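Single-structure report; data block below.
The values are calculated or read from the model by the stated rules, or taken from the named source; none is laboratory data. Every value quoted in this text rests on a predicted model; they were computed, and no experiment measured them. Neighbour counts are summed over all protein chains in view; Cβ atoms, including those assigned to glycine, are modelled from backbone coordinates with ideal geometry. Protein only, heavy atoms only, side chains kept; ligands, DNA and RNA dropped before computing areas. Shrake-Rupley method; radii C 1.70, N 1.55, O 1.52, S 1.80 Å.
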Amino acid sequence: LRTEQIISRISPSVKFVGITVTFTHEWPVVVKLITGIKSSRPDVTIILGGEHVTAMPEFSLATSGADIVVLGEGDETIVDLISSLEQDDDISGVLGIAYCRNDRLIVNPRRARQESVDTISWPAWHHFDLVAYHNYGFSGGMSSDHPSVPILATRGCPYQCTFCSSPKMWTTRYIPRDPILVVDEIEEYKHLYNVTNFDFQDLTAIVK
């Protein structure tokens with residue numbers, strides 16, 4: 001979809017828009033999208049997350065119209081943040097976010113890493129048109145004749161490669177999931193969506 005098409009799909013009832021920025025090369029396109037959303041819907045709060053903005057929160061806020069940046073894992077942070085925003089509470093107590101107030105950048109303390117990764121709900125793929133993503137080549141992995149689903153068996157990476165922002169996003173804590181539960185997830189997706197290709201998106205899956 002073109003930028004204007006994406007913006008046109010934002011419901012009038014929407015109050016918050018979240019955008020993930022995993023890679024730095026995506027940033028110019030994201031800034032264009034943010035600018036368009038703010039022009040069309042200045043009332044919407046734009047929240048960014050992902051490795052790029054976690055590594056460079058000051059730059060990300062200064063070079064876009066985004067309102068808030070989520071640092072690191074967002075599973076719990078986004079719930080606390082939206083709850084505070086909906087109740088008009090002060091967000092200064094929300095762990096793991098950065099934002100500007102009175103032209104001053106504020107970076108709240110980081111939230112501790114999620115260690116119970118096996119308790120995290122599986123992605124809600126039923127909200128996605130997996131066939132369309134596959135047909136347009138946006139499955140995020142190797143080319144396949146059949147629709148694909150990305151999957152994670154681990155979170156984090158113990159290494160500190162000079163080119164990578166992983167230590168800032170995840171620290172260097174590497175946490176694997178229970179292999180049986182990973183296989184259960186694969187079986188469930190095959191049953192529900194008839195997918196036969198699974199792209200492991202782990203930062204590194206071969207530590208152990």
query: In the stretch 2-45, what count of residues is obtained for those that are crowded, with 19+ Cβ neighbours inside 10 Å and either assigned to a strand (DSSP E or B) or aromatic (F, W, Y) (or both)?
result: 1
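Kindly indicate the residue of the stretch 161-208 that is assigned to a loop (DSSP other than H, G, I, E, B) and of a type in the set (S, T, N, Q) and also farthest from H126 (Cα to Cα) among those meeting that condition.
Top of the filtered list is T162.
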message: Restricting to the stretch 130-171, name every residue that is under 16 Å from K190 (Cα atoms) and open to solvent by less than 90 Å² (accessible area, probe 1.4 Å).
response: L130, V131, H134, S139, S144, P147, S148, V149, P150, I151, L152
query: Tally time: how many residues in the stretch 49-98 are closer than 19 Å to E115 by Cα and open to solvent by 40 Å² or more (accessible area, probe 1.4 Å)?
result: 6
